[in-house]
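Values quoted throughout were computed directly from the atomic coordinates according to the rules given, and no laboratory measurement underlies them. What you are looking at is a predicted structure, and each value in this text was computed from that prediction instead of being measured. Every residue, glycine among them, receives a Cβ derived from its backbone with ideal geometry; neighbour counts consider all protein chains shown.
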Amino acid sequence: MMILIDTSALLAILSLGDAFHHRARHTWQRLVQENVSLYLNNYVLVETYALIQNRLGMGAVRDLQEKIIPWLHIEWINVQRHQEIVDSFITVNRRQISLVDFASFATMRRLGIRTAFTFDPHFAEQGFEVIP
């Protein structure tokens with residue numbers, strides 16, 4: 001089974017003060033124990049590093065790098081895919097959905113991933129199954 005992990009889930013796993021922390025930790029532990037293939041793209045990775053550094057500090061960045069990233073498959077978005085994502089982003093014309101979300105939707109569709117580990121409602125709006 002393949003699941004995309006979103007910034008919201010990664011932040012919740014690491015942030016004790018996050019409203020979804022306990023659900024995120026439980027889901028993370030279950031997915032790792034079940035040896036589920038977890039994916040993200042480099043846009044999510046950059047967004048996650050920036051948010052964690054800003055909100056939680058460099059110790060949490062180190063935890064992300066050493067304890068979580070090794071479990072993840074990173075899909076690198078190239079120039080052609082970037083342009084396709086930007087074109088879609090501009091065409092849809094919705095302020096509430098980020099370019100990073102569009103990159104995640106494109107990654108999921110390209111890899112045939114139907115489920116996202118996220119607390120972001122936009123994934124369900126796009127027709128994906130979401131956990132937890």
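Loop-located trypsin sites (Lys or Arg not before Pro) in the range 26-132 (DSSP state other than H, G, I, E, B) with a sparse environment of at most 16 neighbouring Cβ atoms within 10 Å: ARG94, ARG95, ARG114. A helix-only calculation puts the chain at -16500 deg cm²/dmol for mean residue ellipticity at 222 nm, using -39500 (n - 2.57) for each DSSP H run of at least four residues, averaged over all residues. Compared with the dominant Cα axis of the chain, that is its longest principal axis, helix 21-33 is turned about 90°.
Shown for MET1, MET108: other C-beta atoms within 10 Å of each C-beta, ranked fewest to most, produce the order MET1, MET108. Helix 42-56 and the longest principal axis of the C-alpha atoms of the chain enclose an angle of approximately 40°.
Ranking HIS26, LEU64, SER37 by how far each Cα lies toward the positive end of the dipole of the range 1-76 (charges on Cβ) leaves HIS26 at the top.
For TYR39, the residues 5 or more places off, or on other chains, whose built amide H falls under 5 Å of its own are ILE3, LEU4, ILE5, HIS73.
Classify the range 66-132 from the C-alpha gyration tensor, please: rounded if a/c falls under 1.5, else prolate or oblate depending on whether a/b exceeds b/c. Intermediate results must be reported in sequence, preceding the final value.
On the way: a/c = 1.87, a/b = 1.22, b/c = 1.53.
Because a/c hits 1.5 or more and a/b fails to exceed b/c, the range 66-132 counts as oblate.
If you take the Cα centroid of the range 17-45 and the Cα centroid of the range 62-102, the two points sit 17 Å apart. Nearest 0.05, what FRET efficiency do ARG23 and GLN83 give at R0 = 30 Å with Cβ-Cβ as r? The formula returns an efficiency of 0.25 here.
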